[in-house]
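Reading through the structure tokens given below for one structure.
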Amino acid sequence: MSGTTTEASVILRARGIRKSFKVGERRLEILHGIDLDLERGELLGLMGASGAGKTTLLNVLGLLDRPTEGEVFLTGHAAWTLSHTERSHLRNTKIGFVFQFYHLLPELSAIENAILPAMIALSGRAFRRERKHYTEKASEMLDAFGLGDRMGHKPGQLSGGEQQRVAIARALLLDPPILIADEPTGNLDRATGERMLELLLGLQAERQLSMLLVTHDERLASHCERVVYMEDGQIQADSRVPVPH
Ligand SMILES: Nc1ncnc2c1ncn2[C@@H]1O[C@H](COP(=O)(O)OP(=O)(O)OP(=O)(O)O)[C@@H](O)[C@H]1O
Ligand SMILES: [Mg+2]
């Protein structure tokens, strides 16, 4: 990365993000006005204590949850001003999301979970036409991730690491330029976490992904080109220091 930020080099931009939740009679402000840029091809780490607001922020950036104030610009589109349908399309094609607890659908097999984004993005007829293509694409990925003989397994019949690899295949099915991962190794043992890290870093380099990675893991963070720190719903002012590899 050149280190200079230009309009064209920013793929995901957040400005003035505030998020509050109503809890009973009270309104609890969790994010207090966050500005953040993710550059094209960048691997950006996001760290901070439990409860700092990392997941809340990712949900807003990943267009899963509407901010109370502020805007997310995704490939130049002001995402939260779009209609629900337009925003869903933008999210589906531009952002892959990997969660700590995988979030696979329990009644679907590994391969069915992996092709889900195509099923959602396309109309019924278009999906039927394209099903073979996406099934082949998903099975190639699952195969490459070492799950060639697990495609028909349901999530309950897979280990945590295997479920996370299915979730990564699902996230990348439509070749999104952005991958957002919320503690992808947080629920895995050390050795499995290391392999997941290798897989993610390999994919990021191979596909030139713009990747936003939340982690509590210093080893994982040390692979990031840049790490920002969150505290009490704010990005710390001095957190743009690149971490040496
Ligand atoms: N839907 C909600 N309603 C009310 N409060 C919420 C809601 N979601 C999150 N919070 C609160 O917002 C704060 C930030 O939560 P968040 O999950 O974003 O933290 P985090 O930084 O991801 O923590 P962790 O590292 O433990 O995952 C917490 O105090 C949490 O209780
Ligand atoms: Mg979290």
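Rolling a 1.4 angstrom probe over the protein heavy atoms with all chains in place gives region 162-221 an accessible area of 36 Å² per residue.
Shown in residue order for region 88-105 are the 3J(HN,Hα) couplings computed by the Karplus curve 6.51 cos²θ - 1.76 cosθ + 1.60 at θ = phi - 60°: 4, 5, 4, 4, 4, 8, 9, 10, x, 10, 10, 9, 4, 9, 6, 6, 8, 7 Hz (x for Gly and Pro).
The share of accessible area on the chain that comes from carbon and sulfur is 50 percent, using a 1.4 angstrom probe. Looking only at region 100-116, which residues have a backbone nitrogen under 19 Å from a spot 7 Å from the Cα of Asp175 in the C-beta direction? What the label zone holds, given the 19 Å backbone N cut-off, is 114-116. Compactness check for region 137-176: Cα Rg over 2.2 N^0.38 Å is 1.05. Computed packing ranks the peptides 42-49, 63-70 as 42-49, 63-70, most packed first, by mean other Cβ atoms within 10 Å.
Computed over the chain, the alpha-carbon pair-distance distribution with 10 angstrom bins reads 7, 31, 36, 21, 5, 0, each value a whole percent. For region 123-135, 3J(HN,Hα) computed residue by residue from phi via the Karplus equation (6.51, -1.76, 1.60; θ = phi - 60°) reads 6, x, 5, 4, 5, 4, 5, 9, 3, 4, 4, 6, 5 Hz, glycine and proline entered as x. In order along region 59-69, the phi-based Karplus estimate (6.51 cos²θ - 1.76 cosθ + 1.60, θ = phi - 60°) of 3J(HN,Hα) comes to 4, 6, 5, x, 6, 9, 9, 6, x, 5, 9 Hz; Gly and Pro are listed as x. Using Cβ point charges alone (K and R +1, D and E -1), the dipole size of the chain about the Cα centre works out to roughly 820 debye.
Could you state the accessible area per residue of region 7-61 in Å², with a 1.4 Å probe and every protein chain left in place? The partial results should precede the final answer.
Values: 2380 Å² over 55 residues.
Result: 43 Å² per residue.
Once you have the Cα-Cα distance between Ser88 and Arg125, take 0.36 nm times their residue separation minus that, and quote the gain in nm to one decimal.
Gain on extension, Ser88 to Arg125, equals 11.4 nm.
The values are calculated or read from the model by the stated rules, or taken from the named source; none is laboratory data. Because the structure is predicted, anything quoted here is derived from the model rather than measured. All Cβ positions, even for glycine, are placed from backbone atoms using ideal geometry, and neighbour counts span all protein chains on display. Only protein heavy atoms, including side chains, enter the accessible area calculation; ligands, DNA and RNA are left aside. Shrake-Rupley method; radii C 1.70, N 1.55, O 1.52, S 1.80 Å.
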